[in-house]
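Structure first, commentary second.
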Amino acid sequence: MVASEFAQVAISVDTSAHDARLRLEDLRTGRVRYLDALELETIVWLREEHLRGLLDPSADRWREDDPLR
């Protein structure tokens, strides 16, 4: 588990698909996301300003029109 004052995420490696992938679970909501090697590499290569944009919770996380809420 990785945690801070803002988030708690469980991390594991999922091997049930064709290739291994990272399984991330938001422990607050139970929402799960799988990331494969290409997606992980993309995160590594993101410019800081793009990463900061993804980290803005008002962009997606707390939207009233989020169908996953």
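Readers should treat all values here as calculations from the given coordinates under stated rules, not as data from a laboratory. Here the structure is a predicted model, which means the values were calculated and not measured. Note that we place each Cβ from the backbone using ideal geometry, even for glycine, and neighbour counts take in every protein chain shown.
Starting from 0.36 nm per residue, how many nanometres of slack lie between A3 and W45 once their C-alpha separation is accounted for? Please report the intermediate quantities before stating the final value.
On the way: separation 42, 0.36 × 42 = 15.12 nm, distance 2.33 nm.
Answer, rounded to one decimal: 12.8 nm.
Treat each spin label as a single point 7 Å out from the Cα along the C-beta direction, and report the V32 to H18 distance in nm.
It is 2.0 nm.
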